[in-house]
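Just so it is clear, none of the values below were taken in a lab; they were calculated from the coordinates. Since we're looking at a predicted model, the values are computed, not measured. Cβ placement follows ideal geometry from the backbone for every residue including glycine, while neighbour counts extend to all protein chains displayed.
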Amino acid sequence: MSVDESVAFQILVEDKPGVLFRVINHFRRLNLNIDAVTVAPIPGMVGKSGITVNLKASSEECSMVQRMLSKSVDVVSVRLVRLSEAIRRELVLAQIKVNRNTGFERLIENYGARVLSTREDTAVVELTGEPDTINSFIKSVLDSGLVSLSRTGLAVLPLEEKVKEFAENIL
Amino acid sequence: MGFWRWKNISPIFSGARGLIEALRIEGVEVVFGIPGGAIMPVYDELLGSPIRHVLARHEQSAAHMADGYARVTGRPGVAMATSGPGATNLVTGVATAYMDSVPMVAITGQVATRLIGTDAFQEIDTVGIFNPITKYQFQPRRPSEIPRAVKAAFYLTATGRTSPVLIDLPKDVQMEKEEMTFQESVDIPGYRAEYEPDPLHVAKAADLLLAAERPVLLGGGGVIKSNACDLLVALAELLNIPVATTLMGKGCIPENHPLSLGPIGMHGTYQANKLIMESDLVICVGARFSDRSTMNLSEFTKDRKIIHFDADPSEIGKNLTPHHYVVGNIRKSLRTLLEMLKVKAVKCENTTWQRRWMELKSEYEDAIFGASGEFTSPRIIRKIRDMLPVDAIVTTEVGQHQMWAELHYRVLKPRTFLTSGGLGTMGFGFPAAIGAKTAKPWVPVLDIAGDGSFLMTSDSLATSVQENLPVIVCVFNNSCLGMVAQWQRAFYGGRYSGVWLGSKPDFVHLAKSYGAEGVRVNGMLDFERALREALKSEVTTVIDIPISPEENVLPFVPTGSSLSEMIVK
């Protein structure tokens, strides 16, 4: 078994009830722990949706899941992306306590976050970035008084030639 | 068929009526099932339809009957049950069909849509439960969705790698009326029914085959499912190369053919296991290299090239990485291969390899390892073969008797040997035999059974008698769960745990109590007489054959060993 690495499955599916369950059930069967899942309709493709599943897995496990996914009736196509070879972005919304001691403004500036709204002593900010950046941002705001938080999970855009090479190695 | 069909109009039907009409359009002639609260509207419509209903006594058996029907005909079998326990009882039967890639449509009733999710009486998440054991699940939420669901279900189940499909039908959807359109075809964007074999891939396979010194053909269940047995045999004859099979592939070449070696595997024949491990090339057609067939996988792949032909692309590289593969419809692939080889093939005649396999085959073909007596399981099974016509259908349960049948029952035609290979379901054989008899009432159908397995679905005696579907059950009766006992002898120092079936019915009386025939035999002549009578009988006959609980199935390849390391005594 090879070492685990961070990958994303980009799965084009039919947009209807039960499909996410069927897709995720394959990961469950292999006892794989999913880090993030995002689902979004695909512009220009009526009745289709894109699911991105992000997890750490060995190449053997990836190969097995890919096999099972390719066989699924609802799945139109599957693409396996090595995260180290893709552009990846995540968005986080955080409501943070704002007072003089927290260094709020410096924090916003350091990360390049945007302030979306402010109330008496809290502000809602938005940050887009790589997962590592998001993690480190969340760690920082935890110290400065986090009220609530919501993150989107990963959006991944692979560098095409790398994907092909990776897929060939696995199959 | 109703006037609406030839008038080409969209009729207004209840969901139940729509279902029955859709089933008729698919050519369904028989449904195996048990009614219940949530499927009653469908049963009411069944009454007026030409579709035959065969009443099972347990939903598991209903699924096995549909399975047996499908394996014999190659057409999808239909099993029907109510919601809740009806659906969960179907699970084992549907999973059995799934593991052996059998086309089947399971139809279950469901509570009304407004009650789904409320833990209503006999409500269960049938779609959720069936997800891992079916190719697809449908739950129409409007009556007008039913025709498309049925069309898609029959298309999915019978094409590509055939597999069961579920239709879960809420009761209100069965009862409401709506305008329905019965389409000729369906479009399923994510589904590719069939792959065309790439001629370049086939050509490379042909080259590898011609370059091999010691080739062996390995035929799996996929050869039978794609009706490609004649082509496999033609290929073997063209090149004069021996053919081994998997358990599921039994029958893809007549087992009395000079090139047939019999099955490989844990309980494969001596010659097949030995020769496949001496080969330098295995051309595997429509098989999936299951652990029970290949045994120690690294030994199996060592020192030989493997070419894998399969209809299902996801099978390539799943269990082993072949040196070369051809994805595509097996029949088309084999035809292309044959055409290419006809031009350049040289028959392997008078080669060292031919002398070797012929020598081993003639030496071991008729060998019986282990049991030495006259009235022992291997000899009884050979007697069954001698007495049955060529096209008779034999089913098996699961256990020692199944492996004796694998070793000693020579299958002469495809689709005449039905066994639960993948899931290994005890209780499969008897209801499957009834399903087979439904499809081919003019052919004798015989279930090779063990006492443990037969007890699991023996209530199907009621079905066979009531529905006038006479089959023969040969119960190899050793008063124990024989295969487990054999393993306990081999691997647990003879410590028998939970294997003795001390208190069990007298099978003769059991059969008679259902209105069937029952007979106990002692000795081969007695058995011959009983089987001859059974073949003439108009009711099901149970032949109780007492055998020794000490009998072992041999040869036996222990888990982890190479196929050539067989225990023979």
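Between helix A:19-29 and chain A, what is the angle of the helix's C-alpha long axis to the longest principal axis, kept within 0 to 90° and rounded to the nearest 10? The angle comes out at about 80 degrees. Using every pair of separate Cα atoms, the Kirkwood estimate puts the hydrodynamic radius of the range B:347-449 at 15.3 angstrom.
Only lysine pairs 8 or more places apart or on separate chains count here, and in the range B:88-232 those with Cα atoms under 30 Å apart total 8. For the range B:377-546, lysine pairs with C-alpha atoms less than 21 angstrom apart, excluding pairs fewer than eight positions apart on the same chain, total 9.
The GluC sites (Glu not before Pro) of the range B:493-569 meeting both criteria, a DSSP state outside H, G, I, E and B (loop) and at most 10 other C-beta atoms within 10 angstrom of the site's C-beta, are B:E538.
Rg ratio for the protein assembly as shown: its Cα radius of gyration over 2.2 N^0.38 Å, N being its residue count, equals 1.09.
Counted over the protein assembly as shown, the DSSP beta bridges are approximately 45% antiparallel. Of all lysines in the structure, the ones whose alpha carbon falls short of 18 Å from that of B:K361, not counting any fewer than 8 places away in one chain, are B:K250, B:K274.
Computed over chain B, relative contact order equals 14 percent, with contacts defined as Cα pairs under 8 Å that lie 6+ residues apart. So which trypsin sites (Lys or Arg not before Pro) in the range B:441-550 end up in coil per DSSP with only 11 or fewer other C-beta atoms within 10 Å? Passing sites in the range B:441-550 are B:R495. Once you reduce the range B:330-380 and the range B:261-297 to the center of their Cα atoms, the two points are 12 Å from each other.
Starting from the exponent 0.38 and prefactor 2.2 Å, build the expected Rg for the range B:377-546 from its residue count and divide its actual Cα Rg by it. If you can, show how the numbers build up before the last one.
Numbers: Rg = 15.1 Å, N = 170, 2.2 N^0.38 = 15.5 Å.
With N residues counted in the range B:377-546, Rg over 2.2 N^0.38 Å equals 0.97.
What's the longest piece of chain B with no exposed chymotrypsin sites (Phe, Trp or Tyr not before Pro), counting a site as exposed if DSSP puts it in a loop and it has at most 16 other beta carbons within 10 Å? The segment B:122-441 is the longest one with no such site.
Per residue of peptide B:313-319, the mean number of Cβ atoms on other chains within 10 Å of the residue Cβ is 3. Partners of A:K139 within straight-line reach, counting lysines whose Cα lies under 19 Å from its Cα and excluding those fewer than 8 residues away in the same chain: A:K97.
Enter the mean number of other protein chain beta carbons within 10 Å of the beta carbon of each residue in B:181-193, as an integer. If you can, show how the numbers build up before the last one.
On the way: counts 0, 0, 0, 0, 0, 0, 0, 4, 11, 13, 7, 2, 0.
For peptide B:181-193, the averaged partner shielding equals 3.
Against the main long axis of the alpha-carbon atoms of chain A, helix A:160-170 sits at an angle near 50°.
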